[in-house]
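Data first, discussion second: the structure below is written as structure tokens.
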Amino acid sequence: MRVKFLSMMVCLWVLGGALLAQEAVPASDEAAAVVETQSDAQAFAEAGKFHFGDDPTAWVMIGLFLLALAVVIERTIILRRNKGNNAELVRILAEKLAPGTNPNIDQLSEEVSSKEYGVEGRVAGITLKGWPYGEDAMREYSEAAIIAEQRNLEKRLVVLSTLGVNVPFIGLLGTVLGIMKAFRDLAMLGDSGPAVIMKGISEALIATAMGLGVALPVVFAYNALNRIVRTKISSAQEIATLLRAMRISREAQEHKTPQEVSYGS
């Protein structure tokens with residue numbers, strides 16, 4: 001009797017364990033399915049997502065923008081330092097080189113070459129070095145001085161022009177890389193719908209927007225600085241032409257005969 005009772009208890013224990021095992025398996029399967037669903041949702045959320053640190057072109061464009069900003073600041077300072085008082089410069093030249101005067105050319109050349117008169121004063125000072133040798137010598141001196149000043153003023157502006165032209169292409173490269181990533185995410189996720197690739201493409205276009213955002217102010221700054229340089233070079237050419245005209249007029253005045261002078265008066 002006791003043996004039958006023990007056998008019955010063992011059978012009940014085995015049967016209960018089997019039932020518990022059958023109930024545990026669906027629970028574990030359900031937990032695994034939940035984890036898999038969560039991982040798929042996370043993968044779908046990350047698919048096509050723009051990670052700023054993962055896009056090398058974004059950092060390149062930021063670096064190029066900082067380079068352009070440094071060039072703009074440096075060129076602006078240089079141009080402000082070379083700003084001259086043209087009206088006062090013309091007044092001094094007209095007063096001391098007027099017909100009938102005996103100017104000290106070396107002293108005048110040193111005077112007008114001071115920082116007060118900027119680029120135009122330096123060109124005038126070098127042009128005056130050819131005063132004793134005639135109008136042709138003055139032209140050669142002035143042309144050499146203008147070339148040197150223009151080279152100094154236009155220094156590093158080529159950096160701005162190069163960046164303004166090429167930065168949009170760097171942004172386009174970033175967009176192409178972003179689109180390639182979007183297609184790769186679509187292939188990895190399989191049948192997940194067009195939302196993945198559309199999201200990736202929209203994020204990839206940020207690189208193109210950054211390229212345009214960098215290029216537009218750089219081109220604007222280049223045009224503004226280049227216009228200032230052209231204006232200053234044009235003013236220097238006008239001063240040099242004025243000096244040659246003064247030299248020609250003095251020569252004509254000195255070579256007039258007394259009869260021509262009395263006739264002209």
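Can you work out which of the residues in the stretch 86-145 that are among the hydroxyl-bearing types (Ser, Thr, Tyr) and closer than 29 Å to Ile228 by Cβ is farthest from the chain's Cα centre (by Cα)? Walk me through it before giving the result.
Looking only at the stretch 86-145, we keep the residues that are among the hydroxyl-bearing types (Ser, Thr, Tyr), and these are 101, 109, 113-114, 117, 127, 133, 141-142.
Among the residues that remain, those that are also closer than 29 Å to Ile228 by Cβ are: 109, 113-114, 117, 127, 141-142.
Numbers: Ser109: 39, Ser113: 33, Ser114: 33, Tyr117: 30, Thr127: 36, Tyr141: 35, Ser142: 33 Å.
The selected residue is Ser109.
Restricting the search to the stretch 114-126, which residues are farther than 14 Å from Leu243 by Cβ and buried (at least 20 other Cβ atoms within 10 Å of the Cβ)?
Going residue by residue through the stretch 114-126, those that are farther than 14 Å from Leu243 by Cβ are 114-116, 118-119.
Listed by number, the residues that qualify are Gly118, Val119.
Report yes if Thr76 is buried (at least 17 other Cβ atoms within 10 Å of the Cβ) and either among the β-branched types (Val, Ile, Thr) or at pLDDT below 90 (or both), otherwise no.
Details: buried (at least 17 other Cβ atoms within 10 Å of the Cβ): no; either among the β-branched types (Val, Ile, Thr) or at pLDDT below 90 (or both): yes.
Criteria not met by Thr76.
Return the pair list, or none, for Cβ contacts closer than 8 Å from residues in the stretch 88-113 that are in contact (Cβ under 8 Å) with a residue 60 or more places away in the chain and farther than 15 Å from Ala245 by Cβ to residues that are of a type outside the set (Gly, Ala, Ser) and surrounded by fewer than 17 Cβ atoms within 10 Å (Cβ to Cβ), at least 6 apart or on different chains.
Gly100/Gln253
Go through the stretch 102-150 and give me each residue that's farther than 18 Å from Ser234 by Cα, touching a helix residue (DSSP H, G or I) at 6+ places or on another chain (Cβ under 8 Å) and assigned to a loop (DSSP other than H, G, I, E, B).
Once the filter is applied, which keeps residues that are farther than 18 Å from Ser234 by Cα, touching a helix residue (DSSP H, G or I) at 6+ places or on another chain (Cβ under 8 Å) and assigned to a loop (DSSP other than H, G, I, E, B), the stretch 102-150 yields Pro103, Ser114, Lys129, Gly130, Gly134.
Output the residue which, of all residues in the stretch 54-68 that are surrounded by 14 or more Cβ atoms within 10 Å (Cβ to Cβ) and of a type outside the set (Gly, Ala, Ser), is farthest from Val176 (Cα to Cα).
Leu67
The values are calculated or read from the model by the stated rules, or taken from the named source; none is laboratory data. Not measured: the values here are computed from a predicted model. We place every Cβ from the backbone using ideal geometry, glycine too, and count neighbours over all the protein chains shown.
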